[in-house]
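Please treat every number below as a calculation from the coordinates, not as lab data. Predicted, not measured: the structure shown is a model, and the values here were computed from it. A quick note on method: Cβ atoms are made from the backbone with ideal geometry, for glycine too, and the neighbour counts reach across all protein chains shown.
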Amino acid sequence: MNTAKLDWAHAWTGGVAEAPSAATAFIERLRNEIPVLPFLSLPFAEELTAQIEVYEPYLRSFRHMLLLGIGGSALGPRALQKAFAPAQDRPGCNGPWLWIADNVQPDWLSEMLAKLPPKETIVVVISKSGGTIETMAQYLLVLPWLQKSLPEEWRDHLFMITDSSKGFLRDEANKYALRSLPVPDNLGGRYSVLSAVGLVPAAFLGIDWKGLLNGAMSVGRPLAQAPETLPDHPAWHLAQWAWQMSKAGKSQVIYFCYIPSWSTFGPWFCQLWAESLGKDGRGTMPIPATGVTDQHSLLQMFLDGPADKTCLFVSAPADTSSLPMPQDLPPQWNYLNGHSFGDILEAETLATRATLAQKNVPVVHVSMPDDSPYSAGKMMMLMEAATIFTGWLLGINPIDQPAVETGKKLARARLGMPGSESDAQRLAAFTDTPSVFQPF
Ligand code: PA5
């Protein structure tokens, strides 16, 4: 049977030898932490499925969804949109359209509000904390736009996805009696794609969101139900590999995706890996790359730059039966006769994997049976679990992100938030340093 599998044949190379597994010490930890790792067991899946089933016709009655959210609240939805609802980026699209506002770019937001038809638009505000400045600023801009445009029915055009009991957004949902779904406790943004955060936009787009969930559960639940199986789990093997590689000075991990439609899983994975693991001077730098595109961009550096790289090489069998090359090719292209575009993709996928291995880049081949939502669910769960376990092995907390809080505080001080005086002083220590300009 064609199934998802990891190929380790070229994983232990580049001078890094496989070390004995440290799993036994972590089985008890896993057992104890299952309740605070909801992404792994997805204990909310059944209830959430019933809730989304109820909301689905309502969500799909709109032509546009404007999603306000950033970080983990945006990257998962975007990955699903690009992978499974690609029509929006192709000619002849008649909707549905998902617009993801994960920045504070003034012209983009102005244009959205000028051109989106409020009557046909649902605004979904996603924030676990309900206090993220970018998302809340967007919400405070969009709320009066909706209220003015649709004085009677604006509430029907707002949907909140946030903490079940606390935060500004939850208060707003309660105050206005808005439709909402919770982000479960202990489910941080970058681990939340398989909650309402990813599944509500997916349902709007008509994506097989149940397939995604089922794929994820097939990887996560066995581990949550039987923590003693940790040493055999592929996520553990990936973590062990990543840990050994980082100890050996391999400081970069390439997420090289040869399923072109899955290319936005690269940024999703990179946020997951970077924000979870970059702590206390530890961690490895994730690099997103898409095959075959980045063969003509990044690959030279991967092959012949510093020998500090490792690679998660993601592929699935290419569709070799459609889109054949036309007949009567010029003589120098005759060897393409009888081949399809899928054959070209397949050949280049194999050739790049072989070249990386022959250049001694440690490669774990994440071989997927197909590019379906079910397979994507499996891959996402594998990466989330591997990230957590890598954090444990590195001796850091993979759930928090303390360093980025500093920048948030300084930005709030800059904007004049009361009580930010000491942060304002820290900022002044930077701005008081005279600039050293060089015009160009
Ligand atoms: O992964 C994370 O926890 C973060 O990147 C968050 O997703 C991001 O900061 C947005 O947070 P929130 O969902 O609270 O608005």
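Values for this structure:
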item: Cα centroid of the range 127-188 to Cα centroid of the range 59-87, whole Å; result: 17
item: Cβ-based exposure ranking for W108, W8, W273, in which fewest neighbours within 10 Å come first; result: W108, W8, W273
item: Cα coordinate range in the chain, projected on the principal axes (Å, largest first); result: 64, 61, 56
item: Local net charge near P201, Cβ-Cβ under 15 Å (Lys/Arg +1, Asp/Glu -1); result: +3
item: Alpha-carbon centroids, the range 425-440 and the range 287-343: separation in whole Å; result: 46
item: Unit charges on C-beta of K, R, D, E only; dipole of the chain, Debye; result: 620
item: Protection proxy ranking of 234-246, 142-154 - average other beta-carbon atoms within 10 Å, highest first; result: 234-246, 142-154
item: Rg ratio (alpha-carbon, reference 2.2 N^0.38 Å) - the range 38-207; result: 0.96
item: Fewest-first ranking of Y374, Y335, Y176, using other Cβ atoms within 10 Å as the exposure measure; result: Y335, Y176, Y374
item: Reach of K309 by Cα under 30 Å, taken over lysines that are not fewer than 8 positions away in the same chain; result: K5, K82, K247, K250, K279, K359, K378
item: Unit charges on C-beta of K, R, D, E only; dipole of the range 304-440, Debye; result: 540
item: Furthest towards positive pole of dipole, L187, L140, A177, structure part the range 120-190, Cβ charges; result: L187
item: Order of I161, I388 - criterion: other Cβ atoms within 10 Å of each residue's Cβ, fewest first; result: I388, I161
item: Radius 11 Å from Cβ of D163, net charge of other residues (Lys, Arg +1; Asp, Glu -1); result: +1
item: Computed [θ] at 222 nm, deg cm²/dmol, the chain (DSSP H ≥ 4; -39,500 (n - 2.57); rounded to nearest 500); result: -14500 deg cm²/dmol
item: Student exercise, the range 38-207 dipole from Lys, Arg, Asp, Glu Cβ charges, in Debye to nearest 20; result: 220
item: Karplus (6.51, -1.76, 1.60) ³J(HN,Hα), θ = phi - 60°, over the range 232-248, in Hz, Gly and Pro reported as x; result: 9, 6, x, 5, 5, 4, 5, 5, 4, 5, 4, 5, 4, 5, 5, 5, 8
item: Summed side-chain charge close to P369 - residues other than P369 whose Cβ falls under 11 Å, Lys, Arg +1, Asp, Glu -1; result: 0
item: Mean separation of Cα contacts under 8 Å, 6 or more apart, over the residue count of the range 97-201: relative contact order %; result: 25
